[in-house]
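*Asks:* Dumping the structure here so I can ask a few things about it.
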Amino acid sequence: MPIATVNPATGETLGTFEPMGPGEIEERLALAHEAFTGQRTTGFPDRARLMLRTAGLLEEDAEHIARTMTTEMGKPLTQARAEAAKCARTMRWYAARAEGLLADEHPDPTDVADSGAARVVVRYRPVGTVLAVMPWNFPLWQVVRFAAPALMAGNTALLKHASNVPRTALYLEELFRRAGWPAGCFQTLLIGSDAVEGVLRDPRVAAATLTGSEPAGRAVAAVAGDEVKKTVLELGGSDPFLVLPTADLARAVETAVTARTQNNGQSCIAAKRFIVHTDVHDAFCDRFTEAMRALVVGDPLDETTEIGPVATERGRADLEELVADALALGARALCGAARPQGAGPGWFYEPTVLTGIGPAMRIHREETFGPVATVYRAADLDEAITLANDTPFGLSSNVWTRDEREMTRCAREIDAGGVFFNGMTASHPAFPFGGVKRSGYGRELSGQGIREFCEVTTVWRSRGRRRRRTRRLVRRPDPAPRGLPGRPAGQ
């Protein structure tokens, strides 16, 4: 079945690509394995030089790749440009820091002596070829945040990108090639989901990383577990956004709108469930609804557009089903809950605010991937934390309060991979990123992220057996006997 690029703003098919067959997949696997044998022994300065060149080329290509992303998956052009810039910054960050992050570690001398060793060093070595199964919502960033640390660690990479962003996938392979990385270091596999298992089971693939849905994560984890291969999974999220009485309400509302609608609401770490203390609930709802209703929906290539289309027709249908189920069970729409009038033939959906959400509704448990927010009323902090944790996901969270005691409790009790106070959840190369519960395991970015793609090796050296020191006896010749013929006595 052909892999197609379809513009979600128009429904127009922009191009099709034939999936790679077994022969081409084999060639790429072999090339990746061969490249690793050389790449693992290169020095950090050589890798850094290539990564910096890659970042520079990406910056030169920013407008081109931003338009490619926008026409493939519908994000507003201004956000696509920002995504490209963030990728370049992350490449530079790892180029500058990878050597230090993977430097040899030296255990405490007391522990070394206690082990009977003369010296112990803990070293980080690259694992080999890593298969990356990546999603369409941040088609550049999701790949780079894996590829930059993986390549800087000395690994090679195979990318199986989402099937609706093939042009971005091919661009990434070409980008690394133009930057001078040896053949096979970074390759794109244009394959369907049904071909992933065969690639992952190949003995030349050492590990896998996946960002995507929970079913996709379970499938990859099951195969990797059967093959005893390491995986890093970043799956869905239904992040809570708590607003407590001491919050700066104006800033909280402004941030809430961005947190829910960035990337057209299609972000795993987007705030989705707004849990508001009863003392400020009504004021928050009024301001939040007004701001959501005012967002400009339209052509994502238009610089003034704030909300573009949902990336796929199926995705919009899923969103509509969740909203319809909630409304049928008693939820109330404060705005939206429909397709916008006059937005064009694409897969648009109005920014939506729902209240009156109950546990029987699907939207209470399932992730909403689109510009739909659910608002809950909490009587106190205890109920707010209970609601925050009443989800199978645990990617990140946002809390708005000026009370230090409330901050301490939330940081300790909210089940999530991140807790962001008085600001919006965001990823940064310096900080570990990942979730708990059904949001996955392992971490991306920071030192933790680059070490996920390394083997940890303990190098132990014995003191050796001490040689016994003995006095060396030098045998001297006996003195000549007195009165020996021919020699005067005493000489």
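*Asks:* Where the second residue is surrounded by 10 or more Cβ atoms within 10 Å (Cβ to Cβ) and of a type in the set (K, R) and the first is touching a residue at least 24 places away in the same chain (Cβ under 8 Å) and in the same structural domain as G56 (by TED's automatic domain parsing) and lies in segment 91-117, which pairs have Cβ atoms under 6 Å and are six or more apart or on separate chains?
*Replies:* Cβ pairs passing all conditions: A117/R461.
*Asks:* Being touching a residue at least 40 places away in the same chain (Cβ under 8 Å), crowded, with 22+ Cβ neighbours inside 10 Å and of a type in the set (D, E, K, R) is the requirement here; does D239 meet it?
*Replies:* yes
*Asks:* Only one of (1) part of a loop (DSSP other than H, G, I, E, B); (2) touching a Gly at 6+ places or on another chain (Cβ under 9 Å); (3) among the basic types (K, R) is not met by R316, so which one is it?
*Replies:* (1)
*Asks:* On the basis of being closer than 21 Å to G184 by Cα and either assigned to a loop (DSSP other than H, G, I, E, B) or not hydrophobic (A, V, I, L, M, F, W, C) (or both), does G154 make the cut? Full working, then the answer.
*Replies:* Numbers: closer than 21 Å to G184 by Cα: yes; either assigned to a loop (DSSP other than H, G, I, E, B) or not hydrophobic (A, V, I, L, M, F, W, C) (or both): yes.
When the stated conditions are applied, G154 passes them.
*Asks:* Of a type in the set (G, A, S) and part of a strand (DSSP E or B): which single residue out of A48, A55, A4 fits that description?
*Replies:* After applying the criteria, what remains is A4.
*Asks:* Same structure, new question: Please find, within segment 75-94, the residue that is surrounded by the fewest Cβ atoms within 10 Å (Cβ to Cβ) out of those that are charged (D, E, K, R) and under 17 Å from N264 (Cα atoms). Break it down stepwise before answering.
*Replies:* Of the residues in segment 75-94, the ones charged (D, E, K, R) are 75, 81, 83, 86, 89, 92.
Keeping just the survivors that are under 17 Å from N264 (Cα atoms) gives 75, 81, 83.
Values: K75: 29, R81: 17, E83: 21.
Across segment 75-94, the extreme among qualifying residues is R81.
*Asks:* Within segment 145-152, identify whether any single residue is surrounded by 24 or more Cβ atoms within 10 Å (Cβ to Cβ) and farther than 26 Å from R438 by Cα, and answer yes or no. Break it down into steps so the answer makes sense when it comes.
*Replies:* Pass one, segment 145-152, residues surrounded by 24 or more Cβ atoms within 10 Å (Cβ to Cβ): 145-152.
Pick out the ones that are also farther than 26 Å from R438 by Cα and you get 151-152.
So far as segment 145-152 goes, yes, one or more of its residues are surrounded by 24 or more Cβ atoms within 10 Å (Cβ to Cβ) and farther than 26 Å from R438 by Cα.
*Asks:* Please enumerate the residues belonging to segment 156-180 that are buried (at least 22 other Cβ atoms within 10 Å of the Cβ) and of a type in the set (F, W, Y).
*Replies:* Selection gives F176 alone.
*Asks:* So, in segment 189-203, of the ones that are among the acidic types (D, E) and part of a helix (DSSP H, G or I), which residue ends up surrounded by the most Cβ atoms within 10 Å (Cβ to Cβ)? Working first, answer last.
*Replies:* We begin by selecting, within segment 189-203, every residue among the acidic types (D, E); these are 194, 197, 202.
This time we only want the ones that are part of a helix (DSSP H, G or I), so: 194, 197.
On the way: D194: 9, E197: 16.
Once the filter is applied, the top-ranked residue is E197.
*Asks:* Shifting gears a bit: Of all residues in segment 416-443, which are surrounded by fewer than 18 Cβ atoms within 10 Å (Cβ to Cβ) and basic (K, R)?
*Replies:* Correct list: K437 only.
*Asks:* While we're here: So if I check each of T16, T71, T42, T10, which one is part of a helix (DSSP H, G or I) and β-branched (V, I, T)?
*Replies:* Numbers: T16 fails: part of a helix (DSSP H, G or I); T42 fails: part of a helix (DSSP H, G or I); T10 fails: part of a helix (DSSP H, G or I).
Just one listed residue meets the conditions, T71.
*Asks:* From the list P107, P126, P149, which one is modelled with pLDDT of 95 or more and within 30 Å of R465 (Cα to Cα)? Give the derivation first.
*Replies:* Working: P126 fails: within 30 Å of R465 (Cα to Cα); P149 fails: within 30 Å of R465 (Cα to Cα).
The unique qualifying residue is P107.
The values are calculated or read from the model by the stated rules, or taken from the named source; none is laboratory data. From a predicted model like this one, the values you see are computed outputs, not experimental measurements. In this analysis, Cβ positions are derived from the backbone assuming ideal geometry, glycine residues included, and neighbour counts consider all displayed protein chains.
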